[in-house]
Amino acid sequence: KHSRPNHHPYKSGTTPRQNPPSSQGLSTRRELYERDFPVYKQPVEVGCFSLDSERRFFNDSRQMRYYVEPDRNPNFDLRDGYKDRFIKRDDRVKEKLDHILRWILANRSKLSSRVTTASPRALDVDIVTWRGHLTKLLTSPYETREGWLLAVTRFRGTLYISEVETEAARRDRENREERHEEMMYWGYKFEQYTCADNAHSVPDPGGVVNTNEAFCTVVQTRLADHRLLFSGEVDCRDKDPNAPAPPACYIELKTSAEICTPKQRSNFHRFKLLKWWAQSFLPGVPRVVAGFRDHEGVVVTVDTFPISKMSHLIKNEHNCWKPTVCMNFCCDFLSFVKRIAAEDNPSVVYLFSWEPHRDVTYSVHRDSQYSFLPHWYVEEMTS
Ligand code: 0WD
Ligand code: CA
């Protein structure tokens, strides 16, 4: 260990300053996060909202769908309707946290607001974000391909976290091949084959697939000392009226390439199940129903994966992912964010950036292109 040279610029008697903040990072190395599983409270649904075929917000469950169990070998043709019965959401439009913020304004009383001079906090939560952003954090210690950018603003004591599209992600989106474009449709088509509009009807595979439509749950939970409020899109629910209350009655639908070789099985366990586990564990959705399809987009088998069994399924894989690493990294990242994002100001953005094999770094931006809290939200929350 080498000592400080005598000509060091700091005055004697003062504590040496830390490195400039922009050079301090947070590591994503797995070994650092192999500790006891952190406290993660059972997520509680505090509300929901719907987005209609034109992406309009409704503070209700009108877009909820009901799962109808298919045949185990259904031969669903996922390519059907791609050319003539598909309305695709415009993914150039960045909605940021807007829908969640609309939900918050419509439900402020439910969030036990305490607006007092002693407590400047407008909401009784530390973090507001999309579930999908948290999924990216959970999987970062195992991610080798895609980095992320997360914009953070502290406003009235609460940290708002909103993703910014990376340059690489924008390039991929703009240069997607036609085959890939079509394969993205397959997941939505599978939903149409397995979901009905109400508990007593049947799916309508002859209808239009419109990806503007969404039903989102809003859940509250706590990860160690971080009180979280986040929203996630839910595909459907168990149609049995005696099913447990949300989120335990929710079902996540997925499609995946059929598994033919041991290598494919191993990759499925190592990469796909990690993403599926992280996404559904966060809001407390207990099961994933997967349609395994061939290269022509025909679903050959359907299987149910309980979230609670996923981490056992993977135990035979060498060097596989661990839920505790995912959760501890997320927890440490949120602590890091709380420490760095100190200025309470709706027009200041702390931009956290990560690329695989690197540390998380950040930069600070005032009144920039990155500001994401809309005026209508800031004004309503300030009054
Ligand atoms: O504008 C943005 N940058 C984002 C917007 C990024 C992430 C999400 N969103 C919004 C959209 O309003 C969407 O309705 O989030 C909603 C979904 O949020 P989430 O549940 O937090 O996202 P995630 O867990 O990543 O995805 C859940 C589902 C996906 O299902 P699969 O089975 O493929 O994981 O939401 C859909 C997709 O069906 N989805 C999206 N829908 C609209 N816009 C988006 C998106 N950007 N990303 C995923
Ligand atoms: Ca899905």
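No lab work stands behind these numbers, since they all come straight from the coordinates. Since this is a predicted model, take the numbers as computed values, not measurements. Counting neighbours? That spans all protein chains shown, and the Cβs are built from the backbone with ideal geometry, glycine included.
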Q. If R0 is 35 Å, what FRET efficiency do you get for residue 54 and residue 240 from their C-beta distance, rounded to 0.05?
A. 0.65
Q: Kindly provide the helix-only [θ] at 222 nm of the chain, computed as the sum of -39,500 (n - 2.57) over DSSP H runs of four or more divided by all residues, to the nearest 500 deg cm²/dmol?
A: -7000 deg cm²/dmol
Q: Arrange the peptides 290-300, 364-374 so that the one whose residues have, on average, the most other Cβ atoms within 10 Å appears first.
A: 290-300, 364-374
(Q) Straight-line reach only, C-alpha to C-alpha below 16 angstrom: list the lysines that residue 83 could link to, leaving out same-chain residues fewer than 8 apart. (A) 189
Q.
Cut-off under 12 Å on the C-alpha distance; same-chain residues fewer than 8 positions from residue 272 excluded. Which aspartates and glutamates are left, in chain and number order?
A. 143
Q. What length, rounded to one decimal in nm, is gained on full extension from residue 200 through to residue 110, with 0.36 nm per residue of separation minus their alpha-carbon distance?
A. 29.3 nm
Q: Assuming a ≥ b ≥ c are the square roots of the Cα gyration tensor eigenvalues, decide whether the stretch 108-245 counts as rounded (a/c under 1.5), prolate (otherwise, with a/b larger than b/c) or oblate.
A: oblate
Q) Once both labels are modelled 7 Å past Cα along the beta-carbon direction, what's the residue 264-residue 361 spacing in nm? A) 4.1
Q: May I ask what percent, to the nearest 5, of DSSP beta bridges between residues of the stretch 173-332 are antiparallel?
A: 70
Q. What whole-number value in cubic angstrom gives the convex hull volume per residue for the C-alpha atoms of the chain?
A. 182
Q) Can you list residues whose amide H is under 5 Å from residue 301's amide H, if they're 5+ apart or on another chain and H is modeled 1.01 Å from N? A) 292
Q. For the chain, what is the charge dipole size about the Cα centre, in debye to the nearest 20, if Lys and Arg each add +1 at the Cβ and Asp and Glu each add -1 at the Cβ?
A. 1580
Q) Of all GluC sites (Glu not before Pro) in the stretch 43-96, which ones are in loop regions per DSSP and have a Cβ with at most 10 other Cβ atoms within 10 Å? A) 54
Q | Dimensionless Rg over Rh [the stretch 41-165; C-alpha; Kirkwood] | A | 1.04
Q. What does the charge dipole of the stretch 101-201 about its Cα centre add up to, to the nearest 20 debye, if the Cβ of each Lys and Arg holds +1 and the Cβ of each Asp and Glu holds -1?
A. 740
Q.
If you restrict to DSSP beta bridges whose two residues both lie in the chain, what percentage is antiparallel, to the nearest 5?
A. 75
Q) For the stretch 41-84, what class follows from the C-alpha gyration tensor (a ≥ b ≥ c being the square roots of its eigenvalues): rounded when a/c is under 1.5, otherwise prolate if a/b is larger than b/c, else oblate? A) oblate
Q. Relative to the present Cα-Cα distance, how much length would full extension add between residue 184 and residue 146 at 0.36 nm per residue of separation?
A. 11.9 nm
